[in-house]
Amino acid sequence: MAKVPGLIKGLGITFGTMMRTFKNGSNTVQYPHEKETPPIRARGVIALHQDNCTSCMLCSRSCPDWCIYIEAHKELAPPRREGGKPRQVNMLDRFDIDYALCMYCGICVEVCPFDALFWSPEYEYSEPNITDLLHDKTKLSEWMETVPEAPELEVGADKKKK
Amino acid sequence: MTILNDPVSAKLGNRQQLSYIASQAADARLNVELETEGMTLNIGPQHPATHGTLRIIARLDGEQVVWAEPSCGYMHRGYEKLTEVRTFPQVTTLVNRIDWLGSFANEVPFILAAEKLMGVEAPPRAQWIRTILFELSRIANVSLFLGDLGVQLGAITPVFLAFRDREYVLNLIESATGGRFHPNFDRIGGLKDDLPAGWIDETKVVMKKLRNFCDEIETLLFGNEIFQSRTRGIGVIPRDVALQYGLSGANLRASGVDWDLRRDQDIALAYNKVDFKVWTHPDGDSFARCWIRLQETREATLIVDKLLDGIPSGPVMAKVPKIIKVPEGEAWVSTENPLGEMGYYVVSRGDLGPFRVKIRSASFNNISITPWLLRGVYVPDIITILASLYFILGDIDR
Amino acid sequence: MKPKGKGNQLSSPAETSAAPVVDATRDAMVVAIRGTLGAAVVDSMVKPGDDIWVRVSTESWRNSIQKLKDVHGFDYFCFLSAIDWLPSPFGRGEDDPSEPAPERDSTIRPGYTGGDTRMQLLVRIVNSETHLGINVKADVPNDSYTIESISNVFAGANWHEREAHEMFGIGFTGHPDLRNMYLPTDFEGFPMRKDFPLLARMVKPWPGIVDVEPLPGGDATEEESAS
Amino acid sequence: MFALLAVEIPYWGQSLLRVLGGLVAVLLPAGTIVYLFLFKMMSFMQSRLGPMEAGPYGSLQLVAEVGKWLQKEDIQPESADKPIFKMAPIVVLMSTFLLVVVVPFGPDAWFTDFETGVFYALAVSSISVLGILMAGWSSANKYSLLGGLRAAGQLIAYELPMVLAVMGVVIQAGTMNLQQIVFAQNASSMFGFDGVGNPYVLTQFVGFVVFMIAIQAELTQAPFDMPIAESELVSGYMTEYSGFRFLIFFIGEFATAGVFAMIASTLFLGGWGIPFAWFGWTSMDDVSNWMNIAGPIIVITKMLVLTFLIMWVRFTYPRFREDQLQRFAWKVLIPVSLANIMATAVLKVAF
């Protein structure tokens, strides 16, 4: 019968896959025991480098989801040079990102003019309670440790960009 | 329906003619008093075969559908309205989520429309990388379709094979763009960043795996006689009906229309730099639609391979102002997305954000044919037809 | 079979800087369309190498589409939608709720090919042989918001008209079934009209309104701490 | 069965042992099938590992699942026909228990030794249709109704080829007693060569294939799983069942698979026996007592081989459409098995 070959070949595929899984192991990862490393560029969580932040509000204003809340006040700091005038600096009071709203678009990281925001590939910060997804500036600063170096670029890329 | 006069049937092939007669018969049944009391079956909104939350109200006579009507809107997010309160760079994060399986492809036409209004053009390298990522998202999207097709028809293994191999593509997209599902990598005037080192070689390896996956699916599913008997001659769409309903993509090409926006329009992507075959099928039935998608996936891997060999060097970003204001005007750009023709009609008022964006998504048109198509089929065929039309709820409801 | 036009959307950057070239194909098409439709064409516009816009009169809407399909072979229905030309009274929803709403210009300025009404209908149809597309616009009368349906010209327009009906409140005479498609049956208002507020942007104030609190009694010299 | 124990057991004790034996004979294969095939083989065919957390290599996963189901609320739809709704899973499982009664596990290890065992087995197996129909009807759910009706149509259609396929075996063995059929397969020879006995899978190959297809359909496994059809009818007649009642359906599905595979191995693979010529046994009385211990293991091994086939097909093929299934039964399977009976009868007379 002409019917047989297609059906039999299909059985061969499943059997072959089974044998491959026996031999080479599965394609899945036993998650809590072993973990895959996300790529360097992976957008996992946003880290805040507090020293660089000038509270310019750009990130908060360019966020499409309105999920960055910044409060700051001005303060007098000792002058940089001897005998100079005391400088006015912006002191960050509050820097919250609500990850329940965040769409992980990365616009805030991109618009930041002073390199205060970075992407970290870290992804394990799920919470049972939705309000805990609001990360404040201490928590955001903790992510800084996990921020990797930017990857090397592919051949032919314009090297002028950092 | 008045759209079908009898001359239509004369133009059809044999198989199409049979199904056409069947649909006419179903029409006639509607007009006579039904002897038995029918049953209204609600397929969805929570149903495994609806890829989300599409609801199909079907009037059944036994297992035969007398009348069926999809009801959508369970996932309507109002993107057209949302774009009006966003700036141009912010819109891409939204449109990522329209067709969530091939997200990158959603950004491209919008960015191209904005670039058209601004009169800027992305540098060649950016165009090539865009095209490569575009095809990768096509592969990521359609390979899942190929697996899902099996599940819809009762074979459980293909979907796992699809997820297995799709993962490689997603890893590629993630390592290049940082976003696994929602890349948001396109910027007006180019791309956010260049590719990371080693990406090209990795992609070539993955493309081989994907071709292997296509072969596997072809044997496991398309060569299977049960699959063929389930899909051949089911849900036949003749050419002119397909055009009237504005079907696009593989659905249109399966009805014998040789039209692929990648090849047939001048657009700032690198498609005209490579040779590729546009697959068509004369039958217009479910099998043809699925088969075309399989071939297109394979073709896409070949396109990616060819493009990888010739990426020009240079910058990936044209000179654009930091704060983007798009000049006043209207522009329409559409591209051949995984699901079909996806286009944006962007009206700008010289403001930071668009004044009006009409999102022409492929699935909305593709699924609008179902009331016509589902008459007279059996309940299992509803699933086959819906699966073969291939819609994504986010793409219907926007 | 490609449209012959060359314009600012070409892949070779050299040609983008060139002055707009003449698009013979599209110009010829517009002339042909004017010939067929006659007085029904109110205005038309060609962007070389890009697209054609044609505005037809409200009364001839259905007939014009029918003729474009029959005579000029625009047999592929791409989409139908509407545009509300009224500028939004809410802006992008970024106003400070504690302050009086800013004055906004609410004059209606239509886009390409002009227009006299607030609502405009827009349909895009394509010739499946030459792949030449055309955008057809028509005014929707301000008093009735009603226009003739084209769902018996293009079956695919059925759903698009339903969508336009619920989103913009445009009535389509001759449409077989103008039920809501996305919205609940008892939904009030037309969400896509510009004067329909987007609640997501109303329920909370924009975080960007907040600014850095100034130094109490401090001088006004702005100086950044980073250098 | 109890000669082995060499003690006199009172009747109630015997009955109790039989019931316990029956439970083991139904639940043990079901558990093995679920773990071995549903959890592991399917996963491996799909490049994954399957359950790994509960017990070593996930071997206690089934226990965990049963525990989960037992804890779940027993939901009954408001407009369901409650008594029938509650009864349906039990009827389905009952047919499984009634089936296992006639399967012989050794020369003396049997529950009952029916003269017309085959006839009984085929008759009892259709009781499950009743249960499924009851479930489909009483759930007050359109999907369940469709599923139940499909199941009824399908199971009745496939009963026929199954009976006809077994007919060849019965003609060849000359008996309807399953024990005798086992004996006939193991003690006889093929063309004078008695090295493998005469398992009917070789001489009745057509019958075997038809029988396997028919039980695939009887068990509603893909490609014949339209009554369940997750992607169409959600879960068909099982849609409304939850908790314990769903568990019974679940056990029923796999236990029936096991029992049918046992019957198939008895009919076509020589059942509990291994070729008697290896040990020089010529009659039933010669068979030594240790076969009562080895027998069940052999039956289960053969059963696992057959369920492997069933599951392999299940995990590979898409499903038919209802009308295609009926066409296949009436236009292909029944004529083929009728031809098989004819050929068998002719050959039987000729030799």
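Computed over chain B, the per-residue total of -39500 (n - 2.57) for DSSP H runs of n ≥ 4 gives a 222 nm mean residue ellipticity of -15000 deg cm²/dmol, rounded to 500.
The relative contact order of chain B, computed from alpha carbon pairs under 8 Å that lie at least 6 residues apart in sequence, is 25 percent.
Stokes-Einstein diffusion of chain B at 10 °C, 1.306 mPa s viscosity, Kirkwood radius from Cα pairs, rounded to a whole number: 73 µm²/s.
Below 12 angstrom from the Cβ of D:VAL129, what's the summed charge of the other residues (Lys, Arg +1; Asp, Glu -1)?
Within the 12 Å Cβ shell, the charges total -1.
Roughly how tilted is helix B:199-217, in degrees to the nearest 10 and between 0 and 90, from the longest Cα axis of chain B? Roughly 10 degrees, rounded to the nearest 10.
Only helices enter this figure: runs of n ≥ 4 DSSP H residues, each worth -39500 (n - 2.57), summed and divided by the residues of chain D, yield -20000 deg cm²/dmol at 222 nm to the nearest 500.
Pop the C-beta distance of B:SER313 and B:LYS277 into the FRET formula with R0 = 41 Å and round what comes out to the nearest 0.05. The calculated FRET efficiency here is 0.90.
Report the calculated FRET efficiency for D:LYS86 and A:TYR125 (r = Cβ-Cβ distance, R0 = 35 Å), to the nearest 0.05. Provide the component values of the computation, followed by the final result.
On the way: r = 47 Å, r/R0 = 1.33.
After rounding to 0.05, the efficiency reads 0.15.
Coupling constants for the stretch B:292-309 follow from the phi torsions by the Karplus curve (6.51 cos²θ - 1.76 cosθ + 1.60, θ = phi - 60°), and in residue order they are 4, 5, 4, 5, 5, 4, 5, 4, 5, 5, 5, 4, 4, 4, 5, 5, 4, 5 Hz; glycine and proline get x. Under 5 Å between amide hydrogens, built in the peptide plane, is the criterion, and for A:TRP119 it picks out A:ALA47 among residues at least 5 positions away or on other chains. Restricting to bridges with both residues inside chain C, how much of the DSSP beta-bridge set is antiparallel, in percent to the nearest 5? For chain C, the DSSP antiparallel bridge percentage is about 75. Simple spin-label estimate for C:ILE108 and A:LYS35 gives 5.8 nm between the two label positions (7 Å along the Cα-to-Cβ direction from each Cα). Among A:GLY106, A:GLY25, A:GLY83, the largest mean-square fluctuation in a Gaussian network model of chain A (Cα springs under 10 Å) belongs to A:GLY25. Gain on full extension, evaluated as 0.36 nm per residue between D:PHE119 and D:VAL66 minus their Cα-Cα distance, stands at 15.7 nm.
Could you list, in their original order, any pairs among A:LYS137/B:LYS192; B:LYS81/B:LYS325; A:LYS139/C:LYS204; B:LYS81/C:LYS69; D:LYS40/D:LYS302; D:LYS82/D:LYS142 whose Cα atoms are separated by more than 22 Å? Among A:LYS137/B:LYS192; B:LYS81/B:LYS325; A:LYS139/C:LYS204; B:LYS81/C:LYS69; D:LYS40/D:LYS302; D:LYS82/D:LYS142, the Cα-Cα distance tops 22 Å for A:LYS137/B:LYS192; A:LYS139/C:LYS204; B:LYS81/C:LYS69.
Note on chain C: helix-only mean residue ellipticity at 222 nm, from DSSP H runs of 4+ residues weighted -39500 (n - 2.57) and normalised by residue number, equals -5500 deg cm²/dmol. Each Cα pair under 8 Å and six or more residues apart adds its sequence gap; the mean of these over the residue count of the stretch D:11-350 is a relative contact order of 24 percent.
Please give the average number of partner chain Cβ atoms lying within 10 Å of the Cβ of each residue in B:143-155, rounded to a whole number.
Values: counts 0, 0, 0, 0, 0, 1, 1, 4, 3, 5, 10, 16, 10.
Taking all residues of B:143-155 together, the mean is 4.
Which is the longest run of chain B containing none of the GluC sites (Glu not before Pro) found in DSSP loop states (not H, G, I, E, B) with at most 16 other C-beta atoms within 10 Å? Mind dumping the intermediate values first?
Details: sites that count: B:GLU33, B:GLU35, B:GLU37, B:GLU328.
It runs B:38-327.
Of the DSSP H helices in chain D, those with a Cα length along their own long axis of 27 Å or more and a mean Kyte-Doolittle hydropathy reaching -0.5 comprise D:11-33, D:82-100, D:142-173, D:243-268, D:291-316.
Compactness ratio for the stretch D:11-350: Cα radius of gyration over 2.2 N^0.38 Å (N = residue count) comes to 1.01. Between B:ASP309, B:ASP258, B:ASP61, which gets the highest mean-square fluctuation from a Gaussian network model of chain B, Cα cutoff 10 Å? So, out of B:ASP309, B:ASP258, B:ASP61, the one fluctuating most is B:ASP309. When the chymotrypsin sites (Phe, Trp or Tyr not before Pro) in the stretch A:113-162 are filtered for DSSP coil states and for at most 16 other beta-carbon atoms within 10 Å of their beta-carbon, the remaining sites are A:PHE114, A:TYR123, A:TYR125.
Neighbouring Cβ atoms within 10 Å as the yardstick, rank D:MET311, B:MET39, D:MET226, A:MET103 fewest first. Spell out each step's value before the answer.
Working: D:MET311 22, B:MET39 15, D:MET226 28, A:MET103 18.
The most exposed by this proxy come first: B:MET39, A:MET103, D:MET311, D:MET226.
With N the number of residues in the stretch D:1-125, Rg(Cα) / (2.2 N^0.38 Å) evaluates to 1.38. So what's the protein assembly as shown giving for Cα Rg divided by 2.2 N^0.38 Å, two decimals? Taking N as the residue count of the protein assembly as shown, the ratio is 1.08.
If R0 is 30 Å, what FRET efficiency do you get for C:ASN63 and B:ARG77 from their C-beta distance, rounded to 0.05? Each step should come with its number before you reach the end.
Working: r = 36 Å, r/R0 = 1.21.
My answer for the efficiency is 0.25.
Less than 5 angstrom separates the built amide H of B:VAL66 from those of B:ARG59, B:LEU60, B:ASP61, B:GLY376, all sequence-distant by 5 or more or on a different chain.
Any read-out appearing in this document is the output of simple, stated calculations on the displayed coordinates, not a laboratory observation. Keep in mind that what you see is a predicted model, and the values were worked out from it rather than measured. For neighbour counting, all protein chains shown are included, and Cβ atoms are generated from backbone atoms with ideal geometry for every residue, glycine included.
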